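K.L.:
Here it is, the structure, as structure tokens.
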Amino acid sequence: MTDRERFLSHVDKSSPCWTWTANKDAKGYGRFRFHGRQSFHAHRASYVLFVGPIPDGSLVLHRCDNPSCVRPDHLFLGNYSDNLIDCIRKGRRTFPCGERNGYHKLTRQSVVEIRTHAETPTMVFAERYGVSRDAILRVKHGETWKGVTA
């Protein structure tokens, strides 16, 4: 049996995703061992078997966001930055905002003050709160702290 045949014997093609049915890790990613070689994530093995080699330093990402999916046309190459951007775009990863961010310098109260007194020069608030002029401008223009209204 070839690697490709053995691989496909562990795949369920009954849905749009090809679901890996053999062993999986805690996050749902399948594992596949090429004959006599190390174990690979099943989606990476699928890419190698059906698309081609994976360049050094590249990741194999999922268009479908299904860790168990090994369908070749649901997979694409990227780097760590691509993976993070893809993750954020799809809403799988969010960053703490406002006062939940441990590095915040502004508070809801200071944001209300900045927006209430928008005519006050930006530098006054920047110096008062120890942030940049740009940070104050982003607050004034509603680009940050979007959930806070004056």
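K.L.:
Assuming R0 = 30 Å, can you tell me the calculated FRET efficiency for the pair M1 and D73, based on Cβ-Cβ distance, to the nearest 0.05? Please list the in-between numbers first.
P.N.:
Details: r = 24 Å, r/R0 = 0.81.
FRET efficiency, M1 to D73: 0.80.
K.L.:
In addition: Loop only per DSSP, at most 12 neighbouring Cβ atoms within 10 Å: give me the trypsin sites (Lys or Arg not before Pro) in the stretch 46-118, ordered by residue number. Walk me through the numbers before you get to the answer.
P.N.:
Values: sites: R63, R89, K90, R92, R93, R100, K105, R108, R115; in loops: R63, K90, R92, R93, K105.
Filter output for the stretch 46-118: K90, R92, R93, K105.
K.L.:
OK, next. HN-Hα J couplings of the stretch 57-66 from phi, Karplus 6.51/-1.76/1.60, θ = phi - 60°, integer Hz, Gly and Pro as x?
P.N.:
Result, ordered by residue: x, 8, 9, 9, 9, 9, 6, 8, 6, 10 Hz.
K.L.:
The stretch 36-78: which chymotrypsin sites (Phe, Trp or Tyr not before Pro) are DSSP loop and have at most 10 other beta-carbon atoms within 10 angstrom? Walk me through the numbers before you get to the answer.
P.N.:
Working: sites: F40, Y47, F50, F76; in loops: none.
Loop-located and lightly packed - none at all.
K.L.:
Something else now. How would you rank Y129, Y103, Y80, going from fewest to most other Cβ atoms within 10 Å of each one's own Cβ?
P.N.:
Y103, Y80, Y129
K.L.:
Taking the Cβ of each residue in V70, V48, V139, V60 as the centre, tally the other Cβ atoms inside 10 Å and list the residues starting with the fewest.
P.N.:
Working: V70 33, V48 17, V139 25, V60 21.
Exposure proxy ranking, most exposed first: V48, V60, V139, V70.
K.L.:
Based on other C-beta atoms within 10 Å, arrange W20, W145 from fewest to most.
P.N.:
Listed from fewest to most nearby Cβ atoms, that is W145, W20.
K.L.:
Next question. Among all the lysines, which ones have a C-alpha under 30 Å from K146's C-alpha, if same-chain residues fewer than 8 places away are not counted?
P.N.:
The qualifying lysines are K90, K105.
K.L.:
Enter the angle in degrees (range 0 to 90, nearest 10) between the Cα long axis of helix 80-89 and the first principal axis of the Cα atoms of the chain, meaning the one along which they spread out most.
P.N.:
Its long axis makes an angle of about 70 degrees.
K.L.:
Return the label of the correct value of Rg/Rh (Cα atoms, Kirkwood Rh), as calculated from the structure shown, out of (i) 1.08; (ii) 1.26; (iii) 0.93.
P.N.:
(ii)
K.L.:
Putting +1 on Lys and Arg Cβ atoms and -1 on Asp and Glu Cβ atoms, find which of T120, C97, V131 reaches farthest to the positive end of the dipole of the stretch 79-150.
P.N.:
C97
K.L.:
Taking amide H positions as placed in the peptide plane 1.01 Å from N, state which residues far from L61 in sequence (5 or more) or on other chains have amide H under 5 Å from it.
P.N.:
Residues meeting the criterion, in which the H sits 1.01 Å from N, are F76, L77, G78.
The numbers here are math on the coordinates, done by the rules we state, and not lab data. Remember, predicted model here, so these are calculated numbers, not experimental data. So basically every Cβ, Gly included, is an ideal-geometry build from the backbone, and we count neighbours across all protein chains shown.
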